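Step one of this worksheet: look at the structure below.
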């Protein structure tokens with residue numbers, strides 16, 4: 001496996017040699033710039049990498065090694081020696097059949113040498129809960145994430161062997177002589193009493209313990225209540241369907257003052273049990289370091305690709321110390337691995353016996369070697 005990283009900035013354009021690179025099999029593109037939406041961006045990449053699958057998303061920040069960049073595009077060009085990759089694309093339309101469409105595709109992808117799926121999708125236009133349920137139809141590990149839009153939460157974009165579009169699911173299937181391990185970190189702790197979701201529809205919660213959800217939530221935010229919904233990223237929700245389930249983390253995406261409702265980045269069914277969560281900087285960094293070491297304990301490859309998908313909420317909490325979390329991951333995988341990724345509106349990773357679950361406020365790590 002050979003990996004080269006490049007970048008684009010408005011002031012300097014692409015820092016890629018002008019000659020097309022025909023040997024590249026896969027180009028991963030992570031972008032926090034309007035240029036990514038322009039069809040010319042894809043045309044430039046296709047000219048440079050004529051034989052590669054070109055796949056990427058808009059982000060809330062790009063990861064290149066331990067550096068985090070905005071207003072730029074980061075690409076990783078991968079050439080395989082013994083493995084291979086195929087791209088599958090779904091446009092779910094109005095989204096009502098997302099789970100069924102994805103499950104049908106997963107059934108078709110199944111093969112004896114299928115090793116892993118890496119999935120990228122819209123962060124606002126695609127239902128991540130239904131997506132993860134469809135992806136779990138196959139007994140194959142899945143990681144990936146939902147596209148971001150910086151702190152704006154207006155539009156997200158996906159590039160999948162064509163110009164970037166908004167309502168798209170891109171599934172990268174890895175085959176052959178590859179070693180792939182993955183995991184995720186949290187670092188958040190619950191606080192306050194556990195409440196019952198007494199009224200909700202999909203990802204929108206209207207009542208907690210029969211009281212208006214927004215009013216209840218706002219009591220814990222203090223001075224930060226005027227900064228909603230962005231301040232809600234610092235106080236995600238721990239939610240579980242019943243007392244026997246391990247909770248997942250759901251991050252706040254929007255509020256409706258008239259309805260007194262909260263909209264999260266994933267479904268929270270009526271009847272769920274939930275508590276607020278908080279964290280500190282050391283907990284987030286330590287959790288990622290521990291998760292990485294656990295992944296690498298099972299990984300025998302000495303070089304390869306490290307894919308990191310981290311939540312925008314973690315970046316907001318860590319601030320200028322976000323790079324320290326990436327350094328903890330790099331220390332775990334080793335500097336012989338090329339690291340890339342992005343800050344997302346949701347993370348996909350195996351959880352609680354499911355091959356894929358939707359997470360928020362986590363960092364997903366996928367390590368690939370030949």
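List of remarks:
- Condition met for residue 254 (in contact (Cβ under 8 Å) with a residue 24 or more places away in the chain, assigned to a loop (DSSP other than H, G, I, E, B) and within 20 Å of residue 314 (Cα to Cα)): no
- Listed by first and then second residue, the pairs with beta-carbon distance under 7 Å, at least 6 apart or on different chains, first residue in the range 224-249 and in contact (Cβ under 8 Å) with a residue 60 or more places away in the chain, second loosely packed, with under 14 Cβ neighbours inside 10 Å and part of a loop (DSSP other than H, G, I, E, B), are 246/352.
Per-residue answers, yes or no, for (1) closer than 29 Å to residue 207 by Cα; (2) assigned by TED's automatic domain parsing to the domain that holds residue 65; (3) in contact with a helix residue (DSSP H, G or I) (Cβ under 6 Å, 6 or more places away or on another chain):
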| site | (1), (2), (3) |
| --- | --- |
| 274 | yes, no, no |
| 290 | no, yes, no |
| 306 | no, yes, yes |
| 309 | no, yes, no |
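- A single entry from 207, 259 fulfils the requirement of being more than 25 Å from residue 324 (Cβ to Cβ) and either at pLDDT below 90 or assigned to a loop (DSSP other than H, G, I, E, B) (or both): 259.
- Enumeration of residues in the range 210-225 that are over 30 Å from residue 328 (Cβ atoms) and surrounded by 13 or more Cβ atoms within 10 Å (Cβ to Cβ): 211, 212, 213, 214, 216, 217, 218, 225
- When 233, 214 are checked against the criterion of being closer than 30 Å to residue 29 by Cβ, assigned by TED's automatic domain parsing to the domain that holds residue 264, in contact with a strand residue (DSSP E or B) (Cβ under 7 Å, 6 or more places away or on another chain) and not in a strand (DSSP E or B), 233 stands alone in meeting it.
- From the list 251, 263, the lone residue that is within 25 Å of residue 352 (Cα to Cα), assigned by TED's automatic domain parsing to the domain that holds residue 219 and touching a helix residue (DSSP H, G or I) at 6+ places or on another chain (Cβ under 6 Å) is 251.
- Residue in the range 279-297 that is assigned to a strand (DSSP E or B) and surrounded by fewer than 22 Cβ atoms within 10 Å (Cβ to Cβ) present: no
- Residues satisfying the stated conditions in the range 298-327, i.e. out of contact with any strand residue (DSSP E or B) (no Cβ under 9 Å at 6 or more places or on another chain) and either buried (at least 22 other Cβ atoms within 10 Å of the Cβ) or under 21 Å from residue 249 (Cα atoms) (or both): 317, 318, 319
- Condition check for residue 295: at negative phi, modelled with pLDDT under 95, assigned by TED's automatic domain parsing to the domain that holds residue 124 and in contact with a strand residue (DSSP E or B) (Cβ under 6 Å, 6 or more places away or on another chain): no
Residue by residue, here is whether (1) closer than 29 Å to residue 4 by Cα; (2) in contact (Cβ under 8 Å) with a residue 60 or more places away in the chain holds:
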| site | (1), (2) |
| --- | --- |
| 46 | yes, no |
| 51 | yes, no |
| 104 | no, no |
| 128 | no, yes |
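- Test: residue in the range 218-226 that is within 25 Å of residue 128 (Cα to Cα) and out of contact with any helix residue (DSSP H, G or I) (no Cβ under 9 Å at 6 or more places or on another chain): no
- The range 262-275, subset closer than 18 Å to residue 194 by Cβ and buried (at least 20 other Cβ atoms within 10 Å of the Cβ), residue modelled with the lowest pLDDT: 264
- All strands (runs of 3 or more DSSP E) inside the range 78-190 with 2 or more residues being in contact with a strand residue (DSSP E or B) (Cβ under 8 Å, 6 or more places away or on another chain) and within 27 Å of residue 289 (Cβ to Cβ): 114-121, 142-146, 169-176, 179-185
- Verdict on residue 347 being in the same structural domain as residue 57 (by TED's automatic domain parsing), in contact (Cβ under 8 Å) with a residue 24 or more places away in the chain, surrounded by 22 or more Cβ atoms within 10 Å (Cβ to Cβ) and closer than 13 Å to residue 143 by Cα: yes
The values are calculated or read from the model by the stated rules, or taken from the named source; none is laboratory data. All values reported here derive from a predicted model rather than from experimental measurement. Because the Cβ atoms are built from the backbone with ideal geometry, glycine has one as well, and the counts that use them run over all protein chains shown.
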